[in-house]
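Below is one structure, written out as structure tokens; the observations come after it.
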DNA sequence: GCCGTTTTCGGCCCGACTGTTTTCAGTCG
């Protein structure tokens, strides 16, 4: 069966190929918008199609309905097949090179016959790119540089790897003379799971002077752009950064602009325009008249809407919600009372039960759940029945020394290939909270994997489904299964779905969190800590929950522990 | 290609910077 992911991918590819072909940019955008709309609806898009209700989805008109229908029925879209036949597949990867967009890629292909990154690299080295009109020596060098960059890093990095460096850079800039404010903006501020670069905003009483100072900061390897209001550079280690500087009175507008995301800003400016206003990083204008704002909240208020938290600014319906005053009240860091899913040195964790408990207590948590691996996870020194029983005794002892912290017993039990569990029911029934996770056989068919997960989520002893999609950021794709079916099973059986806060996972991702909530499922924000420091990942989990529009009540570990256990038991 | 309490046609966000041009196209976010 067709999945939302596949449909969106196909529409997106049509958009890119049309762009390459030189089509009307608004038509191109319509396909991109359609892809996003499909992703938001999720796999239920197939039901919408069967019900003849596809046209009710905003962004999907007559033409896209036909294409989606064709894909669902046959797995093919004639237009896409035709476009693929017209364009060598390697052209798409050329678009990833900084400085090359559709126009130039097309020109390179038509003039030089280049159709892949390797061919382009060769052409640059032979000095042939310069032969094309409008291309010069610098552009050729930039393209070669871009090819090297792509090969080295594949472009994106984990937010956890970039964040500390961004904080450091912000401190450096904030300390410069004349700088009144400096903030981390862009995808970092929106807490995207992976980011491409660091965006900083600066308020300065002497912008041009500040630009010069920033360009000479320590740690800069190479300046890549330099104008009166903007500096771009690459830091040692390869990370790119963009810094924009304005006068203090314009700062709120710059921060809003630089925080993005692109779709959010486009929609916001479109709304401003419908009010007869014009919004840019320099201000909100009625004609020539500036409507002043000292904060982002004042900008949104001037546009007739509630303040939209940065994590929600992804063009996912937040502007409509803010206009109608129905934004959710997002969960906050301080709302977490406890943490499930933590490992110790009984399996593959680095610290003892005692050390982990002390760390949890220091974080102000009121309950803390130990869940080491089960026996099938041989690589992780998983526990069999005997060792698990022995661990329960030790937990009992540690509990005596920590009267203020409720230590919960448990296990992260492997879900076997058929959806059964790796430990017998009588031992599971002795535990406070049981997490079930898939750690093997990721390549099962969609039907098998769906059945496997639905069965696990419905198991009477299972309380939480661990890292439900199995994705590893920049590493492994999620396994193929019907998420909504699993979410429904979880909701019906009072099994929480995990939001694994480990920066390599962040699983569930925001779209799926919203779909989980729609299905009535509850979420557990879990550190999956393998050491004391692992507990520091919890705020990233909260940020991801915020990106998924979740409120305090949606998250089980914001509840008192008695309520959580009662929920799991029912 | 989509969309509409301004519109079923005529819009569709806005500006910075680069590299190549003598006034601007392309890319980027």
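Every number here is computed from the coordinates shown, using simple stated rules; none is lab data. On a predicted model such as this, the values are computed, not experimentally measured, just so you know. Every residue, glycine among them, receives a Cβ derived from its backbone with ideal geometry; neighbour counts consider all protein chains shown.
Things worth noting here:
- For chain A: relative contact order, % (alpha-carbon pairs under 8 angstrom, 6 or more apart): 9 percent
- Here the sum of -39500 (n - 2.57) over DSSP H runs of 4 or more residues, divided by the residues of chain A, equals -13000 deg cm²/dmol at 222 nm, to the nearest 500.
- Cα-based helix-to-principal-axis angle, A:262-274 vs chain A, degrees rounded to 10: 60 degrees
- Principal-axis tilt of helix A:137-153 within chain A, Cα atoms, nearest 10 degrees: 0 degrees
- For the stretch A:97-233: relative contact order, % (alpha-carbon pairs under 8 angstrom, 6 or more apart): 16 percent
- Angle between chain A longest axis and helix A:483-492 axis [Cα atoms, degrees, rounded to 10]: 40 degrees
- Cα gyration tensor category, rounded, prolate or oblate, for chain A with a/c compared to 1.5: prolate
- The value of relative contact order for the stretch A:455-570, using C-alpha pairs under 8 Å at least six residues apart, is 25 percent.
- Rg and Dmax of the stretch A:4-86, Cα atoms only, in Å: 11.8, 35
- Each peptide in A:526-532, A:179-185 receives the mean, over its residues, of other Cβ atoms within 10 Å, and ordering these scores from highest gives A:526-532, A:179-185.
- Largest-first ellipsoid semi-axes for the stretch A:157-246, taking √(5λ) over the Cα gyration tensor eigenvalues, angstrom: 20, 14, 11
- Computed packing ranks the peptides A:40-46, A:491-497 as A:491-497, A:40-46, most packed first, by mean other Cβ atoms within 10 Å.
- Three-way shape call for the stretch A:63-154 based on the alpha-carbon gyration tensor, with the a/c threshold at 1.5: prolate
- Annotation for the stretch A:353-416 versus the stretch A:196-241: alpha-carbon center distance of 47 Å.
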